[in-house]
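Laboratory data are not the source of any read-out in this text; all were calculated from the coordinates shown. Quick caveat: nothing in here was measured; it's all calculated off a predicted structure. Neighbour counts are summed over all protein chains in view; Cβ atoms, including those assigned to glycine, are modelled from backbone coordinates with ideal geometry.
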Amino acid sequence: MFDEARQTLTEFMEQSQKSQRQISKETGLSTSVISQFLGGSYAGDNEEVAKIVNQYLTVSKARLNNVSSSCFYADLYNTKEVLFTCFYAHRHNDLALVSGDAGAGKTTALKHYAETNTGVIFVTANACTTSATSILGLFGDRLGRNVPGRKAALMNTLIEQLAGTNRLIIIDEADHLSLDALQAVRNLNDLAGVGIVLAGNDKIYRQMLSGRRSYEFDQLRTRIIVRKKVYNDYTVEEMSAMFPGLSQECIGYMLKLACAESLRTAKKLYDVALEFTAVKGQKLTAKHLRDTQKQLFGEVVA
């Protein structure tokens, strides 16, 4: 009675190369239940397991058709600005800042630097890591250290671990950090001599340069000589390199969308449109892009 669910799950695991352990994580079923269900020896509620499996496969099988064909383009202006910032901070063990428009490729470039260089610690701040203690604890986690929870103890342990290592810490979404956390980051740069890149939106940049309460940021601002800004402003050549094989009409559409919305938005829309045309066996056209944007946005704004 449940042979179809077993067979479909088995075929999916072969196609996706996912293990029973991974299927367990994604479905919430234990590995033993999955193993017994696939082997036909499960003594529990097989109907409920089959229901969970079928619900899981509905989305997971569709996910196999997901595509992402845009290229990483090292010569993208924004990418070069971010990579320069990382290289400077890494080489000089200095503080550096990269800020600007959301979706302009900062995170992609930061991760690329982290993946292609030794000695880089990459962390992403968020609404739960705004304090000095939480961001220092995050650094400790990346170092694989069971660091004490008090701020002073965290700082001392990190200084001991990082001093003389010439490592680089990249903090993405650093606009989440409180002033206390930013001061702790500055202290770590001073005392451990590691390079640190702060990356995020314009909040930090505005705070450092504005007259209001600027004295609180003087110690940080005066240490940052490299302050790069990136924008959702692109060229035809950049779009052609990032989306190879597209017609000039499609390139023009992607350019307009990336500048009006963001590069991230343009890439996501491109992937959805490409998935649709792949299923249909059609070549991507500007009409496909326009129709996809209308379907996703509810209107065409580019």
How many nm separate the modelled label positions at Ala153 and Ala74, each set 7 Å beyond the Cα in the direction of the Cβ? 4.4 nm
Please work out the FRET efficiency for the pair Lys283 and Glu237, using the Cβ-Cβ distance as r and a Förster radius of 22 Å; give the result to the nearest 0.05. 0.50
As a footprinting exposure proxy, order Arg221, Arg290, Arg63 by other Cβ within 10 Å, with the fewest listed first. Arg63, Arg290, Arg221
Among (i) 0.96; (ii) 0.99; (iii) 1.07, find the value of Rg/Rh (Cα atoms, Kirkwood Rh) that was calculated from the structure presented, and write down its label. (iii)
Using a/c under 1.5 as the rounded threshold, could you call the range 236-297 rounded, prolate or oblate? The axes a ≥ b ≥ c are square roots of the C-alpha gyration tensor eigenvalues, and prolate needs a/b larger than b/c, oblate otherwise. oblate
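What's the magnitude of the charge dipole for the range 90-197 around its Cα centre, counting Lys and Arg as +1 and Asp and Glu as -1 at the beta-carbon? Answer in Debye, nearest 20.
Using Cβ point charges on Lys, Arg, Asp and Glu, the range 90-197 gives about 260 debye.
Only counting other Cβ atoms within 10 Å, I'd like Ser178, Ser30, Ser134, Ser99 sorted with the fewest neighbours first. Working shown, then result.
On the way: Ser178 14, Ser30 11, Ser134 19, Ser99 22.
Ascending Cβ contact count within 10 Å gives the list Ser30, Ser178, Ser134, Ser99.
Give Lys18/Lys203; Lys51/Lys267; Lys18/Lys229; Lys61/Lys294; Lys25/Lys268 a once-over and call out the pairs whose C-alpha atoms are over 32 Å from each other. Numbers along the way, then the final one.
On the way: Lys18/Lys203 42 Å; Lys51/Lys267 35 Å; Lys18/Lys229 41 Å; Lys61/Lys294 25 Å; Lys25/Lys268 26 Å.
In this structure, Lys18/Lys203; Lys51/Lys267; Lys18/Lys229 lie more than 32 Å apart at Cα.
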What are the DSSP H helices in the chain that stretch 20 Å or more along their long axis, judged by alpha-carbon atoms, and whose average Kyte-Doolittle hydropathy comes to at least 0.0? 263-280
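Express the relative contact order of the range 236-297 as a whole percentage, based on alpha carbon pairs under 8 Å and six or more residues apart in sequence.
Values: 39 pairs, mean separation 19.0, N = 62.
RCO, the range 236-297: 31 percent.
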Rounded if a/c is under 1.5, else prolate if a/b is larger than b/c, else oblate: which is the range 115-200, with a ≥ b ≥ c the root eigenvalues of its Cα gyration tensor? rounded
Specify whether the C-alpha gyration tensor of the range 95-153 places it in the rounded, prolate or oblate class, a ≥ b ≥ c being the square roots of the eigenvalues: rounded for a/c under 1.5, otherwise prolate if a/b is larger than b/c and oblate if not. oblate
Computed label-point distance, nm, for sites Val272 and Arg290 using a 7 Å Cα→Cβ extension: 1.8 nm
Amide H neighbours of Leu95 under 5 Å, counting only residues 5+ apart in sequence or on other chains, H built in-plane at 1.01 Å? Ile196
